[in-house]
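Trainee: What follows is a structure written as structure tokens; I'll ask about it next.
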Number of protein chains: 2
Amino acid sequence: LAARAERARTLAALRDLPAVTPDGRRVELAVNIGRPEDIAAAEEFGPEGVGLFRTEFLFLDRSRPPGEETQWQAYVAAVRALKGRRLVLRTLDVGADKRLPFIDWPDEMNPALGWRGARLSLERPDLLQTQLRAMLRAAAEGPVSVMFPMVTTLEEVRRLRHAVEEAAASLEREGVAHGRVEVGIMVETPAAALSARALAGAVDFFSIGTNDLTQYTLAVDRTSQQVAALYDPLHPAVLRLILEVGRAAEEAGIWAGVCGELAGEPLATPFLLGAGMAELSMHPRALPEVKRVIRAVRYDEARQLAGELVNLPTGDEVRRRLRSFLAERGVEPET
Amino acid sequence: LAARAERARTLAALRDLPAVTPDGRRVELAVNIGRPEDIAAAEEFGPEGVGLFRTEFLFLDRSRPPGEETQWQAYVAAVRALKGRRLVLRTLDVGADKRLPFIDWPDEMNPALGWRGARLSLERPDLLQTQLRAMLRAAAEGPVSVMFPMVTTLEEVRRLRHAVEEAAASLEREGVAHGRVEVGIMVETPAAALSARALAGAVDFFSIGTNDLTQYTLAVDRTSQQVAALYDPLHPAVLRLILEVGRAAEEAGIWAGVCGELAGEPLATPFLLGAGMAELSMHPRALPEVKRVIRAVRYDEARQLAGELVNLPTGDEVRRRLRSFLAERGVEPET
Ligand SMILES: [Mg+2]
Ligand SMILES: [Mg+2]
């Protein structure tokens, strides 16, 4: 218990220190939120931005979609709360297990492999345009990035970028104040990760959604009890995809981050750092531990480690290697 | 019509010619079957073996699983019909859309990402041992390979291999005649493809299931109308996985083949050849066209082409390039 209190003090002291490795690599530690008011609650952990704002709360429990004004109020509230720090707004990510009353849902055998995320947005330009306009208007007051979920092809990225331009043009025509935005995608299908080099030229950033990426790479829905034990975000195959995305982003000169659960997993931090992730966005409470690891691990050693890990044969060996890597550096994450 | 008849004659003439490229690369062209009697029906197309025997027919429309004797009769009938040509027997591949009355099925949100294929076999050793014993006994009369579906980890491969050894040991103890078998896996999850180097040391062959591999890589269930248009086995991400499997197999000195629908797609043949596939197993009727392409395409040129295709940005560009590659060589596939 005394050790616990001691640990809490240490973590609190970390709040205002930068997330920087001993050899000077800076990583942006951001938080995932579901509502604008989550930002105030997260401040005690010292976030440098919001890496994932899930916009679904605006659409739930309604018989009709929210209007532009309603959405703008939520987005601009987050922009203002962040006082100049980056806000990554994800467009509507429904389908699969999340269904809305004002959308005509198809009957699908495997909704996770079906009509969801950007696939749905591209067929509902009415919903997409309203949301993009609200986001662009919020960008007039601070840095905003727009992020699209569930992308698998370059054609989709081109169409989504075009939709952003369309929204900007309509605001321009109407003389409505708006700002420029970064446009990025979640990398959460194996196809997107494997196409990272081709996609990097069409986006401003990548944010890896490790939950869905793991699900598809391993063909495991972790809500199915029979196979949940196979779900492993540290499977070397998943790590290879993450490394690939990091390398592609570096080559193209764009940033790559992670907004899936793995970003908040201190055991995974040396790998994600070494894979070139410039941003990790997580549950606020996970932030201090991850920062502690980053401040203890050299970037050059993490890079070498990442290259090793992807060649290990099993997730268990990955975990063993990560544990010893951290132990050698005096960091013992609780997980 | 005259052209059609002419084409039919040309294809018939191909039947007894080997599938060999102008520069001497031999590819084994095999067929996918669902019952032993399918072999006789396929003979007119000159198959060099069976690359996929789906054993599910033995298990359907029954209230209890088929016994060892029933299964052995079916397997040995196929062995005998093949007269020395290779028979690849796939173990029970149910789950997802195929469900049996004598198995307790879980309620799953996404059955394609759930309890299926080898995942189920590993939890039903009773079913698995009976099937493996029948397969090993059939192997006493000709070359048999045992193939496991839906593998994602090295641990699973080790346990499945152990199950084969167990079945062999029990037959040995009982003094029952049986033969040695090759043990391989279907590569149909992105994880298996991305882990090909690690898995290659534990198996005798890989057979790529392009249908499921495409489904998981793109996160697209093609039975869902809303997203079926996104389903594309020529997406560069899928091609990269196939190439990776081919290279890993070469390095390890094992053979790799394809038993998904792409194997019977003449437009894809130059790529599959160039990716190092030593065997293509398909619907019997597809065989002559695929053979015609192989006999017209140099292996060294196909290898170079494969390396190019994986770096193209879209499936449409892959198709365009494949079409021009074939046209330059005077082969115009009908598809
Ligand atoms: Mg997702
Ligand atoms: Mg399959």
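Trainee: Would you mind listing the distances between the B:F57 label point and the same position in each other copy? Use 7 Å along Cα-to-C-beta, nm, one decimal, shortest first.
Mentor: Values, ascending and in nm: 5.8.
Trainee: Order by neighbour count: A:K98, B:K291, fewest other Cβ atoms within 10 Å first, most last. Present the calculation step by step, with values, prior to reporting the outcome.
Mentor: On the way: A:K98 13, B:K291 24.
So the residues, fewest neighbours to most, are A:K98, B:K291.
Trainee: To continue, here is another question. Report ³J(HN,Hα) in whole Hz for each residue of the stretch B:240-249, in order, from the Karplus equation J = 6.51 cos²θ - 1.76 cosθ + 1.60 where θ = phi - 60°; Gly and Pro get x.
Mentor: Once θ is set to phi - 60°, the couplings for the stretch B:240-249 become 4, 5, 5, 4, 4, 5, x, 5, 5, 5 Hz.
Trainee: Have a look at B:L113, B:L239, B:L58 and tell me which one the Gaussian network model of chain B (Cα, springs below 10 Å) gives the largest fluctuation.
Mentor: Highest fluctuation of the listed residues: B:L113.
Trainee: Okay, next question. Give the distance, in whole Å, between the Cα centre of the stretch B:102-174 and the Cα centre of the stretch A:63-131.
Mentor: 43
Trainee: Which value at 222 nm does the protein assembly as shown reach when only helices count, each DSSP H run of 4 or more adding -39,500 (n - 2.57), with the total divided by all residues and rounded to the nearest 500 deg cm²/dmol?
Mentor: Numbers: 28 runs with 300 residues, N = 670.
Roughly -13500 deg cm²/dmol at 222 nm, from the helical runs in the protein assembly as shown.
Trainee: Amide H of A:D204: which non-local residues (sequence gap of 5 or more, or other chain) have their own amide H closer than 5 Å, using H built in the peptide plane?
Mentor: A:V183, A:G184
Trainee: So for chain B, taking the charge dipole from beta-carbon charges (+1 Lys/Arg, -1 Asp/Glu), which of B:A219, B:M150, B:S207 sits furthest toward the positive end?
Mentor: Of the options given, the answer is B:S207.
Trainee: Kindly work out what percent of the DSSP beta bridges joining two residues of the stretch B:1-135 are antiparallel, to the nearest 5.
Mentor: On the way: 2 of 9 bridges.
The answer is about 20 percent antiparallel.
Trainee: Could you work out the per residue convex hull volume over the alpha carbons of the protein assembly as shown, in cubic angstrom?
Mentor: Values: hull volume 122.2 nm³, N = 670.
In the protein assembly as shown, the Cα convex hull volume per residue is 182 Å³.
Trainee: Rounded, prolate or oblate, given the Cα gyration tensor of the stretch B:123-249, with a/c below 1.5 counting as rounded?
Mentor: Values: a/c = 2.67, a/b = 2.10, b/c = 1.27.
Prolate shape, in that a/c is at least 1.5 and a/b is the bigger ratio.
Trainee: Amide H neighbours of A:S224 under 5 Å, at least 5 residues apart or on other chains, H built in the peptide plane: list them.
Mentor: Distant-sequence amide H within range of A:S224: zero hits.
Trainee: Once the Cβ-Cβ distance between B:A140 and B:T10 is put in as r, and R0 is 35 Å, what FRET efficiency do you end up with, to the nearest 0.05?
Mentor: Working: r = 40 Å, r/R0 = 1.15.
Calculated transfer efficiency: 0.30.
Trainee: Here is a follow-up. What does the charge count near B:E328 come to, summing +1 for each Lys or Arg and -1 for each Asp or Glu among other residues with Cβ under 13 Å from its Cβ? Numbers along the way, then the final one.
Mentor: Values: positive: B:R298, B:R320, B:R321, B:R323, B:R329; negative: B:E301, B:E332.
Net of charged neighbours comes to +3.
Trainee: Got a sec? How would A:T70, A:T314 order by Cβ neighbour count within 10 Å, fewest to most?
Mentor: Values: A:T70 13, A:T314 18.
Listing A:T70, A:T314 from fewest to most nearby Cβ atoms yields A:T70, A:T314.
Trainee: Let me ask something else about it. Could you tally the net charge around B:V176, taking each other residue with its Cβ under 12 Å from the Cβ of B:V176, Lys/Arg +1 and Asp/Glu -1?
Mentor: Working: positive: B:R133, B:R137, B:R173; negative: B:E68, B:E69, B:E172, B:E174.
Net of charged neighbours comes to -1.
Trainee: Next question. Taking the alpha-carbon set of chain A, what are its Rg and Dmax in Å?
Mentor: Radius of gyration, then largest Cα-Cα span, for chain A: 19.8, 63 Å.
Trainee: Report the residue, chosen from A:L305, A:L230, A:L29, that carries the largest GNM mean-square fluctuation when chain A is represented by alpha-carbon nodes joined by springs under 10 Å.
Mentor: Largest GNM mean-square fluctuation: A:L230.
Trainee: While we're here: Anyone know which of B:V176, B:V238, B:V293 comes out most mobile in the 10 Å Cα GNM of chain B?
Mentor: Evaluated over chain B, the most mobile residue of the options is B:V176.
Trainee: Going 7 Å from the Cα of B:A229 toward and past its Cβ, which residues in the stretch A:144-179 have a backbone nitrogen under 12 Å from where you end up?
Mentor: A:156
Trainee: I would also like to ask the following. From the phi of every residue in the stretch A:27-35, what ³J(HN,Hα) in whole Hz does the Karplus formula 6.51 cos²θ - 1.76 cosθ + 1.60 yield, where θ is phi - 60° and glycine or proline is x?
Mentor: Along the stretch A:27-35, the couplings run 10, 7, 9, 10, 10, 9, 10, x, 8 Hz.
Trainee: Apply 1/(1 + (r/R0)^6) to the Cβ-Cβ distance of B:D97 and A:R64, taking R0 = 22 Å, and write down the FRET efficiency to the nearest 0.05. If you can, show how the numbers build up before the last one.
Mentor: On the way: r = 36 Å, r/R0 = 1.62.
In this case the efficiency is close to 0.05.
Trainee: Quick one: grab the alpha carbon gyration tensor of the stretch A:200-335, order the square roots of its eigenvalues as a ≥ b ≥ c, and give me rounded if a/c is under 1.5, else prolate or oblate depending on whether a/b is larger than b/c.
Mentor: Numbers: a/c = 1.38, a/b = 1.03, b/c = 1.34.
Rounded is the answer for the stretch A:200-335, as its axis ratio a/c remains below 1.5.
Trainee: I would also like to ask the following. If you wrap a convex hull around the Cα atoms of the stretch B:40-122, how much volume per residue is inside, in Å³? Each step should come with its number before you reach the end.
Mentor: Working: hull volume 10.0 nm³, N = 83.
Per-residue hull volume (Cα only) is 121 Å³.
Trainee: Taking Cα centroids, how far is the stretch A:195-263 from the stretch B:272-335 in Å?
Mentor: Taking the Cα centre of each part, the stretch A:195-263 and the stretch B:272-335 sit 30 Å apart.
Trainee: Here's something else I'd like to know. Below 8 Å between Cα atoms, with a sequence gap of 6+, how large is the relative contact order for the stretch A:4-120 in percent? Don't skip to the answer; put the middle values down first.
Mentor: Details: 138 pairs, mean separation 25.5, N = 117.
This gives 22 percent for the stretch A:4-120.
Trainee: Cut-off is 10 Å between beta-carbons; in what order do A:F57, B:F148, A:F45 appear when sorted fewest neighbours first?
Mentor: Ordered from fewest to most neighbouring Cβ atoms within 10 Å, A:F57, B:F148, A:F45 come out as A:F57, A:F45, B:F148.
Trainee: Looking at chain B, send over the antiparallel percent of its DSSP beta bridges, to the nearest 5.
Mentor: Working: 2 of 31 bridges.
In chain B, approximately 5 percent of DSSP beta bridges are antiparallel ones.
Trainee: How many nanometers, to one decimal and shortest first, lie between the label point of B:R4 and those of its other copies, if labels sit 7 Å from Cα toward Cβ?
Mentor: In ascending order, 7.9 nm.
Trainee: Kindly give the distances from A:R295 to its copy-mates, label point to label point, with each label point 7 Å from Cα along Cα→Cβ, as nm values to one decimal ordered shortest first.
Mentor: Those label-point separations list as 7.3 nm.
Trainee: Among DSSP beta bridges whose residues both lie in the protein assembly as shown, state the antiparallel percentage, nearest 5. Intermediate values should be presented prior to the final figure.
Mentor: Working: 4 of 62 bridges.
Taking every DSSP beta bridge within the protein assembly as shown, about 5 percent pair in antiparallel fashion.
Rule-based calculations on the coordinates, nothing more; no lab input. Here the structure is a predicted model, which is why all the values come from computation and not from measurement. Every residue, glycine among them, receives a Cβ derived from its backbone with ideal geometry; neighbour counts consider all protein chains shown.
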